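Here's the structure we're looking at; comments come further down.
Each value in this text was obtained by applying a stated rule to the coordinates, not by laboratory testing. Worth saying up front: this structure is predicted, and the values here are computed from it rather than measured. In this analysis, Cβ positions are derived from the backbone assuming ideal geometry, glycine residues included, and neighbour counts consider all displayed protein chains.
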Amino acid sequence: MRQTGNNINITVNKISVSYNDEGLNEAPVIIFIHGFPLNKSMWNKQVKALKDNYRVIAYDIRGHGKTEVGTLAFSIDLFVKDLLGFMDALKIEKTIICGLSMGGYIALNAIENHPERFTGLILSDTNCTADTAEAKEKRMNTIESVKENGVEKLANDLLPNLFAPESFKTSSEEIVAVKEMIVNTSKESLYKSLNALANRKETCSKLAEIKVPVLILVGKEDKITPPEAAKAMHEKIDIALLSIIDQAGHLSNLENPEGFNSQLKKFVDTIYQQK
Ligand code: MLT
């Protein structure tokens, strides 16, 4: 029997995973995967926009939000195993998947290795490359900085890169909410996630094998995964649409929800009308 609502718990790979499950029964499913170090609540406006026509699910990745951290070392492969275990536990055979940044790394890895489980892919503010040596070093320095200076400093350092400058005037509620998500992430999870991000493998070489429709969204002012990264992925995928979201940085779904949602809805509707 399906449970609906917010902060539902289910055991997957020996940890308790927290998720929101809203919308119609027996409807096509869309699963949302958040970025680092955030949680499922970042998708609230997208869930609201789709729930009248679809079954819409957002879950907390291992160690984020209300999902347990567990004992294993984190990796994108483990996050994918959790995603598939989560889908199995909810008896979801196929879904559209939407991931932002780290969520996009997970979605790309999942679709390239388990294509039979997905009917469409939305990549938001993400890329397919692995970390450079410099980026890896930066992540290790971030771990040291959190040990020394705490999580509040991490949040203050991350915010100017997550949001476009203009958003500091127009999206103050979102900025407060994102800061809270960051400071509420445990240090253990931050260290483990930074290691997972640093050690992730590239997924660019398998983009051409993706055979489902893909929508790529990116904030015009995204400094972390800029429009160039989105364009590079767009060129390599067979059936892909690219949309650059105005008035947005890395968190385009939060900074310009109207622009983001109109592309998202159009894409999802098109996939399901074609069936
Ligand atoms: C994210 O938003 O998930 C992170 O910025 C990803 C990253 O640092 O590579």
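Results for (1) farther than 27 Å from Asn161 by Cα; (2) part of a strand (DSSP E or B), shown as yes or no for each residue.
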position: Gln3; (1), (2): yes, no
position: Asn6; (1), (2): yes, yes
position: Ile10; (1), (2): yes, yes
position: Asn20; (1), (2): yes, yes
position: Asn25; (1), (2): yes, no
position: Ile30; (1), (2): yes, yes
position: Ser41; (1), (2): no, no
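Filtered by the rule that a residue be buried (at least 19 other Cβ atoms within 10 Å of the Cβ) and either in a strand (DSSP E or B) or free of Cβ contacts under 8 Å to residues at least 40 places away in the same chain (or both), the range 76-85 gives a lone residue, Val80. Residues that are among the small types (Gly, Ala, Ser) and in contact (Cβ under 8 Å) with a residue 24 or more places away in the chain within the range 1-37 comprise Ser16, Ser18, Gly23, Ala27, Gly35, listed in sequence order.
Is it true that Asn53 is assigned to a loop (DSSP other than H, G, I, E, B), within 27 Å of Asp238 (Cβ to Cβ) and either within 13 Å of the ligand (Cβ to nearest atom) or in contact (Cβ under 8 Å) with a residue 60 or more places away in the chain (or both)?
Details: assigned to a loop (DSSP other than H, G, I, E, B): yes; within 27 Å of Asp238 (Cβ to Cβ): yes; either within 13 Å of the ligand (Cβ to nearest atom) or in contact (Cβ under 8 Å) with a residue 60 or more places away in the chain (or both): yes.
Yes.
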